[in-house]
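Read the figures in this text as sums done on the coordinates, not as results from a lab. Fair warning: this is a prediction, and the values are worked out from it, not measured in the lab. Here the Cβ positions follow ideal geometry from the backbone for every residue, glycine too, while neighbour counts run over all protein chains shown.
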Amino acid sequence: MASTEKKNSFLNNHRALDLTDNRGFLCGKILADLGIDVIKIEPPRGDPARKIGPFYKNIAHPEKSLNWFAFNSNKRGITLDIGTLDGQEIFKQLVQGSDFVIESYDRGYMDELGIGYKELSKINQRIIVTSILPFGPVGPYKDYKAPDIVGMAMGGVMFGTGEPERPPVRISFPQAYLQAASQAAVGTMIAHYYRQRTGKGQHVMVSMQASLAWALTNTISWWELDRQIFQRQGIYRAGIGAKVKLRLVWPCKDGLVSFMVIVGALRYMEVLVQWMDSEGMADEHLKAIKWREFDMSKVTQSEIDEIEKRVGRFFSMYSRDELYKESSKRHIPLAPVSGFDAVLRNKQLRSRDYWVDVDHPELKSKIRYPGPFLKFSETPMTIRHRAPLIGEHNEDVYLGELGMSKRELVMLKEGGVI
């Protein structure tokens, strides 16, 4: 069960105003999970991202978007049109009592409205404003549009993804701005640490393109260490000095596993052959190889192919779970390639109580969510509540916290401000 009580969370005495669209939701989600009171500010008719599916029970409705649920839990929600003068004045009032503002508008939009960092810092010198941008605030691409596929391409990820004889491909679920938003959360926390030491806020600006470049795993180090440009190889990966290609994804009895034939100082191939031999599946060719003396820098592709042919036959005899369980015992670096169902059944996640059931009173149901990404012993993180409905906390914020009257609230609603 998800807790609905506000506990002594890591940062529960702080507030953030979340102006992001789908490009930046995850930043506010991370801050909210850390205990910050994140107020998601939507246009009066709701955020357009509420139209993004899939939907609860496949019913297309702005209050049933699973995408919205996933990235906005633990936040409160109000409606406000910051494009209006009244909306801008109300926003400035909110900034006076806040610690963070996060936004993902086009470059310069907040300044045009008179609520950019320079103006907000005059209202609250401790405010930290975090801007998530496609290509950052400067440079030749600073005003370019960048949907996910452009981000994945310009960030370099697609260059190394896909089969070598076909065009590059992106990861199926949009990832570009998830990387940017997560790094924006890190940047926001660094700025918060600086503020604790100096009392000064600042403007954090995050480039989606640069964020993806940091997520290229070994692509950058491949060049730095070996002066080789990492090329996409599909289910293979280039070997040492790019002289051979090594299989990374292998079919097994009921799916796929991930494994690479790497030998020498890493003795796991020797252990794997011993395991294969105990099952009567290691022939004289494999047993004759002196694995600890095997030089990967001199191996030929035909030698690797012969080894992989035999390993592949062995893997095909077992299920993913059988291979993973036995490999773990023997300290062989093999991992199952898991679909969503397998992740839900994962014993490690279950043992850590990772999955939590979150109440959705408006649906008269509970929905299972991924739990917090960290476990603190003294300041536990929890999924406190589901994502807000449209304008769900308008009265709490406008009446209870800003001291408006009900008449003022009605007038603002009739005027399209909230």
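Points to keep in mind about this one:
- Under a model in which nothing but the beta-carbon of Lys, Arg (+1) and Asp, Glu (-1) is charged, the chain shows a dipole of about 540 debye around its Cα centre.
- With Cα atoms as the point set, region 228-338 shows a radius of gyration and Dmax of 13.6, 40 Å.
- Charge tally for Ala288 (other residues, Cβ to Cβ under 13 Å; Lys, Arg +1; Asp, Glu -1): -4.
- Comparing Leu11, Leu34, Leu272 in a Gaussian network model of the chain (Cα springs below 10 Å), the most mobile by mean-square fluctuation is Leu272.
- Subset of Lys287/Lys309; Lys51/Lys364; Lys118/Lys413 violating a 24 Å alpha-carbon distance limit: Lys118/Lys413
- Reported to the nearest whole Å, the Cα centre-to-centre distance from region 345-400 to region 219-281 is 40.
- Cross-link pairs Lys64/Lys375; Lys92/Lys145; Lys142/Lys200; Lys253/Lys375; Lys253/Lys366; Lys40/Lys64 - those with Cα-Cα distance over 25 Å: Lys64/Lys375; Lys92/Lys145; Lys142/Lys200; Lys253/Lys375; Lys253/Lys366
- Normalised contact order of region 228-338, rounded percent, pairs of Cα under 8 Å and 6 or more residues apart: 33 percent
- Per residue, the average separation of C-alpha pairs within less than 8 Å and at least 6 apart gives the chain a relative contact order of 21 percent.
- The residue among Val129, Gln179, Tyr144 whose Cα reaches farthest toward the positive pole of the charge dipole of the chain, with charges on the beta-carbon of Lys, Arg, Asp and Glu, is Gln179.
- Within the chain, antiparallel bridges make up roughly 45 percent of the DSSP beta bridges whose residues both belong there.
- Extents of the chain, taken as max minus min of Cα coordinates on every principal axis and listed largest first, are 87, 50, 43 Å.
- Based on DSSP H segments of at least four residues, each scored -39500 (n - 2.57), the chain has a per-residue ellipticity at 222 nm of -10000 deg cm²/dmol.
- Gaussian network model of the chain, springs between alpha carbon atoms under 10 Å - residue of Glu89, Glu326, Glu119 with greatest fluctuation: Glu326
- Most fluctuating residue given options Glu63, Glu284, Glu401, as computed from a GNM of the chain linking Cα atoms under 10 Å: Glu284
- When each of Lys29, Lys142 is scored by the number of other beta-carbon atoms lying within 10 Å, the sequence from fewest to most is Lys142, Lys29.
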